[in-house]
Structures are given as C-alpha cells and as structure tokens.
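A short worksheet on the structure shown next.
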Amino acid sequence: MTPQEREQQLSQYWHHTLDALQAPPALAERALGKARRAGPPSHTLVGGQGFWRPVTRAFVAVLSVLALTGTGFFLTRPHSLLNADSRTLHTRPQLAASTGSVAGAAKSVKLAPPMRLAALTQSTGPKLWALDYAQGFWQLWDKSLSGSAWSLVRTASGPPSVHAVLSFSQQEGWLVLPRLGGGWKAWRTRDNGRTWRPVLLPHAAATYGTVVLSNASQAVYLAVGGRSGAPPLLFQKKTRGWVEIPANRLPADLADLRLTPQGQGSLLAHGSVYVTRNGGRDWSIQPGAFNGVMTSARPTALSPLMPPTALAIRTASLEGLESSVRGRTWVVVGNYLWTTKFSHRTWQRVGRVPTQGVAHGLIFTTVKTGYILSNVGHVYITHDGGYRWARYHD
Amino acid sequence: MTDPHDAAEVWVEHYADRVFRLAYALTQERTRAEDVAQESLYHIARWCRYHPEFTPTDSWVYQVTRNAWRDWARRMPPSAVPLEVHHAVDRPEDQSVERLDVARALDQLSDGEREVLIFFYYLDLSTKDMARTMNITETAVRIRLSRARKKFRTIFEGSR
C-alpha cells in the first residue's frame, strides 16, 4: 500500500466516522444556559488573539533568559507563567490511550459477585477481579479479598460472549473481549490493574470464535479455536509480537489453557484434559485426570491454598475450580462439587452442580454461602454449603 | 447592534456539530465527547456574549475544544476508565476490514499522535493553522505529524 493510499484511508475513516455525527440539541442549550448564568470571562481563552500572544511570548522569553543567567529566583518557571495565560502548555498527565476516564467516582456494589459473570480471577494484593456483561457493555470489577464491595473500574463495549478472558498472574493481567462483527480485542496490565493498555492479537485470531489465554509466570500463550473447517492455532507472545507454534493434535473446542515457561502445560477441551511437555507442540489426552484429583491426598495441580478467606480462581487448574474459606475447600470437577476440610486427605462429594456443562467460576464467601458461574453466564447461589442451589437474581 | 445573546446563540449553533465531532474524535467516546463539547460551547458562548465584536474563527474554536479536552483529561482520576474507544466501525453495518484495521491502529496511538492526525486528515488544517491551534511552532507540528504517520504506518501495516 502506498503512503497516499494509506493516508487516503485515514482521511476516509475519519470522515466516515464523524461526518454523520450531530451534537445533541440539549448540548447547546445547556452551554448557553451556563454562559448566561456566568459572569464575563476574566482571561483570554486561548492565549490572546493577535496582540497578546507575541507579547506574552516575548515576556516569557525575557524571563527565561534572566532565569538562565541566574538573575532572579522568581523567574525560574517560565512555562508556568505561560500556562497561566495561554492555558495550553500545561503539563499533561502521561495517560495511555486506554486511560481516559468516565465522569464520576467508581461505582461500588454490595454483595459479590456482579451479575452475568463471565470470569472470576485473583491477582496479588490480594485482589479479586470479576468480569461481567450488562446492557451492551463489558464491566471489569475489583475488590480486595477482605472487602465486601465491588468497584467498577473499567468498561468496554462489545457483544456478549461466554469466551471472554480475564486472567491474572501476580501483577500481570490480560483481558480479551469479543469485537462486534467478529474478532477479539485485548488489553494487558502490568501494574495489578491500575493501567490497561491495548494489545494487538494475531491477525488470524479475528476469524476464530473461541480464545483461551495462559499467562503463567510471564509466559503468555494464546490459542484460538471454534472455527469450523479450520484447525485451532497456538501462539506465544514474544517481544516482537505473536509467534505461531505448530501444534500437533491441538483440540478445537478450547475451554482453558495453562502453559508454563518450561513448556509444560495442560488444556481443557471437550471436557477432557490435554497435556503437553514440549511447549505446546504436541498434545495428548490425559485419562482420568479428574479422578486423580479426588484420590490424591492433596490435589497438587490445584493452586496453593490462600489465607482463610474467600477466594475465587477461574480454572486455576485444569482439573477443576477451587474455592476456600476458613480452612474448607470446595472443588468443582466435572459436574460434581466436592469439599474437604483442612487436611485435604478426605474428600466428600456434595452433589451435582446446577450448571450444565463446564462451570466457569466458583466462589464461597462463607462456609455456607457460595456462588457458581455457569458457562452461559448464569450465577447460582447456595446457602447450605453447596447442597442446594438456586438461580441468583434472574 | 447585534444582541449579544443572539450572537452567542448563533455562533454556538453554527459550531455545535463541528465541536461535537472534534470532541468525539479526540475522546473517542460519546459520553465523554458530550462533556468536552458542552464545556467548549460554554466557553464559546460566554466569550461571544461578552465580546459581541469578536468573530470566532475555525482555528480558534478548534483550539478552545482542544483545550477543553485536555483540561477534561487532566481532571479525571485514573480509575473507572473506559477500556476502549467506541469507534463507529464497531457498528456491524460499518464493518470493513480496512476500517477495522485503521481503528485498531489508531487505538495504539497516544492522544497527542492521534490529535495531529485528526487535525491534518480530518479537519484539513495546514501546519500553520495546526501550530496556532496547538500553540507550538510549525516545525514542531511537522515533527509530530511525521512521527504519528510513521507509528500509524508501522502498526497499520503490522496488523494486516
């Protein structure tokens, strides 16, 4: 593409995007009403027209020269003086493209978790993160592990999907959301969710319907599937971009992925666990992985137990979902909820989980009250430790 | 003599759409654009009301809008942030690979880089007008424009 064509596309993009826009009528009325109530302006709006601007600049230049030659201590901030007059050279905060802000303070809601959950996860802090979808927007919530209220910290537009990804590994988090019309968009944070920067995904990912991502210990892998007639693809994030890994026997119906920098990993698909030991190049099904969890003294593949308070880990291991509170742990494996106390030596099967298909999240906030997230976004609640479940806020 | 109230209304009505479009291009989100546009129109109305002899120019209006946007961005806390911009290409009827690629590439640019591209490719301002609007020298405008073009090209070509 020639530079002229590229620039023409840019111009066409802006005109296509903006030319049809019209200011809401109330906008001008509100501005005029506010102007009527206000007094006369006490300053020039934009640094003066004609006369004042060069005078101001000359004045500042003289002050700057004096300051540089050490003539006066009060003359050391020429830019501030210029700012006071022109209001245009202020030092702007270094905001990334994604760090604008919506007006108003962050919203908080009591009672966890937010509705229509798509993902639950945890970062350092410790901090819980929830991703849900409401009224055409994806909403990212956080709360401290000990806190009771969720705060809405980010929003994004897009269609609903049960395949949205929210994944944290210590301070680094990834968020992958569907794009209207197909494809995916992604953001990454490296400071525990304080700032999120958009990240380009592999171009091929745009045509696939399912995305799973693994970011264990700064090794980021992305697999895409769910496209009929096309093999699933596996990518690794490198500093120069995404590098495709030729994967043998990678299943198409992807549910979750976990790959370590050492090349070992597992993948949940078709309700089965696939494992690899060579960085994702070869995959093989792991028979009886679920049974192994239940018979071992401690499910080694599950994440280490956290302090005795509520936590939620979204498929922290591929063997199931785990939630622990006050020394008691619940695990969802397959369609059943299991529980154990303290030692993890004995496990008791509580019963079937209310979700149909793979559960996407599990969280117990007390030893009696817990929530489970289905793979279609429904939330169920129990008040008796998991024996009976009911739909939460239909 | 023109009634100052009428003059303010005339100018606000005259520039409302253009201010809103520029605010939308800068903020890339409708709600935020409305905030910035209202603040800009307020400044324009207030100035025109008390200076009825003053005739607003396009570049002056753009400069007021730009300042309102920057003031707005500076005031906002770095939390509760929209993750993304809401491009018109997110509407299915506007879907095209080229526009999606442009939108994605623009997402990767900084506010300052996107700003010079908007001024140059959408508002069709000359570098001289851009320098006046942004209150920098023409040379600085050319440098910013060159860097923004280069970065846009790199991202745009890389995404295809």
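Values computed for the structure shown
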read-out: Hits in segment A:185-197 - residues which are within 23 Å of A:Ser217 (Cβ to Cβ) and either free of Cβ contacts under 8 Å to residues at least 60 places away in the same chain or outside any loop (DSSP other than H, G, I, E, B) (or both); value: A:Ala186, A:Trp187, A:Arg188, A:Thr189, A:Arg190, A:Asp191, A:Arg194, A:Arg197
read-out: Neighbours by Cβ (under 9 Å, 6+ apart or cross-chain): first from segment A:231-250, within 14 Å of another protein chain (Cβ to nearest Cβ); second among the β-branched types (Val, Ile, Thr) and surrounded by fewer than 12 Cβ atoms within 10 Å (Cβ to Cβ); value: none
read-out: Hits in segment B:108-160 (condition: among the polar types (S, T, N, Q), facing chain A (nearest Cβ under 8 Å) and assigned to a helix (DSSP H, G or I)); value: B:Gln108
read-out: Counted residues, segment A:163-179 - those being surrounded by fewer than 18 Cβ atoms within 10 Å (Cβ to Cβ) and in a loop (DSSP other than H, G, I, E, B); value: 2
read-out: Among (1) surrounded by fewer than 19 Cβ atoms within 10 Å (Cβ to Cβ); (2) in a strand (DSSP E or B) - the single one A:Pro159 does not satisfy; value: (2)
read-out: Top-ranked residue in segment B:112-131 [being farther than 13 Å from A:Leu10 by Cα and among the hydrophobic types (A, V, I, L, M, F, W, C); ranked as farthest from the chain's Cα centre (by Cα)]; value: B:Ala131
read-out: Unmet criterion (only one of (1) away from every other protein chain (no Cβ under 11 Å); (2) not in a strand (DSSP E or B)) for A:Val224; value: (2)
read-out: Unmet criterion (only one of (1) surrounded by fewer than 16 Cβ atoms within 10 Å (Cβ to Cβ); (2) within 29 Å of B:Asp129 (Cβ to Cβ); (3) modelled with pLDDT of 55 or more; (4) not polar (S, T, N, Q)) for A:Phe51; value: (3)
read-out: Candidate set from segment A:117-149 (those that are in a loop (DSSP other than H, G, I, E, B) and surrounded by 15 or more Cβ atoms within 10 Å (Cβ to Cβ)); member that is modelled with the highest pLDDT; value: A:Gly125
read-out: Matching residues in segment A:227-246 - criterion: being assigned to a strand (DSSP E or B) and not polar (S, T, N, Q); value: A:Leu233, A:Leu234, A:Phe235, A:Lys237, A:Lys238, A:Gly241, A:Trp242, A:Val243, A:Glu244, A:Ile245
read-out: Residue check for A:Pro40: more than 7 Å from chain B (Cβ to nearest Cβ) and either crowded, with 17+ Cβ neighbours inside 10 Å or modelled with pLDDT under 80 (or both); value: no
read-out: Count - residues of segment B:10-28 that are facing chain A (nearest Cβ under 8 Å) and of a type in the set (Phe, Trp, Tyr); value: 2
read-out: Segment B:29-38, residues that are more than 8 Å from chain A (Cβ to nearest Cβ) and not β-branched (Val, Ile, Thr); value: B:Arg30, B:Ala33
read-out: Any hit, segment A:159-172, residues being touching a Leu at 6+ places or on another chain (Cβ under 8 Å) and either closer than 21 Å to B:Glu29 by Cα or modelled with pLDDT of 90 or more (or both); value: yes
read-out: Residue identified as surrounded by fewer than 20 Cβ atoms within 10 Å (Cβ to Cβ) and modelled with pLDDT of 75 or more among A:Asn291, A:Asn215, A:Asn278; value: A:Asn278
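The values are calculated or read from the model by the stated rules, or taken from the named source; none is laboratory data. Just so you know, these numbers come straight off a predicted model, no measurement behind them. Neighbour counts run over all protein chains shown; Cβ positions are idealised from the backbone, glycine included.
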